[in-house]
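Participant: Following this message is one structure expressed as structure tokens.
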Amino acid sequence: PALIFATSNAHKVQEVAAMLGAPWDVQGLRAHPHVTLPEETGTTFEANAILKAEAASTALPGLYVIADDSGLEVDALHGEPGVYSARYAGPDATDADNRTRLKAELSKLPPATFPGRFRCCLVLALDGKALHVTHGTVEGQLRLTEQGSGGFGYDSLFQPDGFADTFGVLSPEVKNQLSHRARALDLMRTWMSQNLS
Ligand code: ITT
């Protein structure tokens, strides 16, 4: 069956499509241009993921829809950028702008290691109602200089625990084994296999 991923982020679609596999046919919003995503007015990943999944599934009756709200928390920045990860450098910020802001904020602090984590909330919805919510986290350290060009967003600054390289250097296969999104998707896959025909 089709699983419509209600996101404007092609990297998220690529990762989830690579991870989920049969029987699901993961599709982005390209084939459904009438679907517009709501403003992310929530203050938690879960609230924003529910907003996106429920709005898109209202516009796509009878279709299973997932949404992902995710971001980076840095302990030394009191959890920032958090739910504002996509808008850290401003409303129209690019990933590169956001990385530049993060490096600038970390550079103002006394030299230290900077523990943090990526979080992902996934929501599955049908006909405007959330059916299931899962969460995933990956712990690691922020680096002050970018390393590698793989992945997207903050990947080139984030070194997952147990590895000596950032997600910008590690292969997509490695990222997809241990990422916040992989962990949330594992839980969603299990629920779908037990609850959907
Ligand atoms: P949609 O809301 O349309 O899904 P978005 O990119 O705006 O797309 P979010 O609002 O969930 O998504 O913001 C997530 C931000 O957190 C994203 O812009 C990245 O900068 C960062 N992020 C999330 N997952 C990431 C990952 O796996 N690697 C690197 N950065 C990630």
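The values are calculated or read from the model by the stated rules, or taken from the named source; none is laboratory data. Only a predicted model underlies this, so the values are computations on that prediction, with no experimental measurement involved. Counting neighbours? That spans all protein chains shown, and the Cβs are built from the backbone with ideal geometry, glycine included.
Participant: Could you grab me the full set of residues in the stretch 89-106 that are within 8 Å of the ligand (Cβ to nearest atom) and either farther than 21 Å from SER179 by Cβ or not acidic (Asp, Glu) (or both)?
Facilitator: If we filter the stretch 89-106 for residues that are within 8 Å of the ligand (Cβ to nearest atom), which is where we start, we get 95, 98.
Passing the criteria: only ASN98.
Participant: Restricting to the stretch 119-176, name every residue that is part of a loop (DSSP other than H, G, I, E, B), buried (at least 21 other Cβ atoms within 10 Å of the Cβ) and among the β-branched types (Val, Ile, Thr).
Facilitator: THR166
Participant: Looking only at residues in the stretch 177-197 that are free of Cβ contacts under 8 Å to residues at least 12 places away in the same chain and either assigned to a helix (DSSP H, G or I) or not polar (S, T, N, Q) (or both), which one is farthest from ALA125 (Cα to Cα)?
Facilitator: In the first step, residues of the stretch 177-197 are kept if they are free of Cβ contacts under 8 Å to residues at least 12 places away in the same chain; the result is 177, 190, 193-194, 197.
Imposing the further condition that a residue be either assigned to a helix (DSSP H, G or I) or not polar (S, T, N, Q) (or both) reduces the set to 177, 190, 193-194.
Numbers: GLN177: 25, THR190: 16, SER193: 15, GLN194: 16 Å.
Filtering the stretch 177-197 for residues that are free of Cβ contacts under 8 Å to residues at least 12 places away in the same chain and either assigned to a helix (DSSP H, G or I) or not polar (S, T, N, Q) (or both), the one farthest from ALA125 (Cα to Cα) comes out as GLN177.
Participant: Among the residues of the stretch 108-118, how many are closer than 21 Å to GLU40 by Cβ and either assigned to a loop (DSSP other than H, G, I, E, B) or in contact with a Ser or Thr (Cβ under 8 Å, 6 or more places away or on another chain) (or both)? Quick ask: steps written out before the conclusion?
Facilitator: Narrowing the stretch 108-118 to residues closer than 21 Å to GLU40 by Cβ: 116-118.
Imposing the further condition that a residue be either assigned to a loop (DSSP other than H, G, I, E, B) or in contact with a Ser or Thr (Cβ under 8 Å, 6 or more places away or on another chain) (or both) reduces the set to 117-118.
Total satisfying the criteria: 2.
Participant: Test GLY82 against the criterion of being at positive phi, out of contact with any Asp or Glu (no Cβ under 6 Å at 6 or more places or on another chain) and within 14 Å of the ligand (Cβ to nearest atom), and give yes or no. Even if it seems obvious, please write down each step before you answer.
Facilitator: On the way: at positive phi: yes; out of contact with any Asp or Glu (no Cβ under 6 Å at 6 or more places or on another chain): no; within 14 Å of the ligand (Cβ to nearest atom): yes.
Against the criterion (at positive phi, out of contact with any Asp or Glu (no Cβ under 6 Å at 6 or more places or on another chain) and within 14 Å of the ligand (Cβ to nearest atom)), GLY82 does not qualify.
Participant: Give the number of residues within the stretch 114-150 that are closer than 18 Å to LYS175 by Cβ, in contact with a Leu (Cβ under 7 Å, 6 or more places away or on another chain) and in contact (Cβ under 8 Å) with a residue 60 or more places away in the chain.
Facilitator: Residues that pass the stated criteria total 3.
Participant: Within the stretch 110-133, restricting attention to residues that are within 14 Å of the ligand (Cβ to nearest atom) and not small (Gly, Ala, Ser), which residue is nearest to ALA76 (Cα to Cα)?
Facilitator: Of everything passing the filter in the stretch 110-133, ARG117 is nearest to ALA76 (Cα to Cα).
Participant: Looking only at the stretch 133-151, which residues are of a type in the set (Gly, Ala, Ser) and touching a Ser or Thr at 6+ places or on another chain (Cβ under 7 Å)? Walk me through how you get there before you give the answer.
Facilitator: Step one: of the stretch 133-151, the residues of a type in the set (Gly, Ala, Ser) are 136, 140, 148-151.
GLY148, SER149, listed by residue number.
Participant: Tell me, yes or no, whether the stretch 111-129 has at least one residue that is among the basic types (Lys, Arg) and farther than 25 Å from MET19 by Cα. Give the steps one after another, and end with the answer.
Facilitator: The initial filter retains those residues of the stretch 111-129 that are among the basic types (Lys, Arg), namely 117, 119, 129.
From the residues that got through so far, the ones that are farther than 25 Å from MET19 by Cα too are none.
Checked against the condition, which is being among the basic types (Lys, Arg) and farther than 25 Å from MET19 by Cα, the stretch 111-129 yields no hits at all.
Participant: Additional query: What residue, among those in the stretch 56-71 that are within 15 Å of the ligand (Cβ to nearest atom) and of a type outside the set (A, V, I, L, M, F, W, C), is nearest to the chain's Cα centre (by Cα)?
Facilitator: By that ranking, first place goes to SER70.
Participant: Inside the stretch 19-35, can you point out the residues that are modelled with pLDDT of 95 or more and among the charged types (D, E, K, R)?
Facilitator: ASP25
Participant: Name every residue in the stretch 161-176 that is away from the ligand (no atom under 13 Å from the Cβ) and of a type outside the set (A, V, I, L, M, F, W, C), in order of residue number.
Facilitator: Result: ASP161, GLY162, ASP165, SER171, GLU173.
Participant: So which residues in the stretch 177-197 are aliphatic (A, V, I, L, M) and either at pLDDT below 95 or over 16 Å from the mean Cα position of the chain (by Cα) (or both), if there are any at all?
Facilitator: Within the stretch 177-197, the first condition is being aliphatic (A, V, I, L, M), and the residues that meet it are 178, 182, 184-185, 187-188, 192, 196.
Answer for the stretch 177-197, where residues must be aliphatic (A, V, I, L, M) and either at pLDDT below 95 or over 16 Å from the mean Cα position of the chain (by Cα) (or both): MET192, LEU196.
Participant: Please tell me if ASP75 is near the ligand (Cβ under 10 Å from one of its atoms), closer than 17 Å to TYR154 by Cα and in contact (Cβ under 8 Å) with a residue 24 or more places away in the chain.
Facilitator: On the way: near the ligand (Cβ under 10 Å from one of its atoms): no; closer than 17 Å to TYR154 by Cα: yes; in contact (Cβ under 8 Å) with a residue 24 or more places away in the chain: yes.
No, not satisfied.
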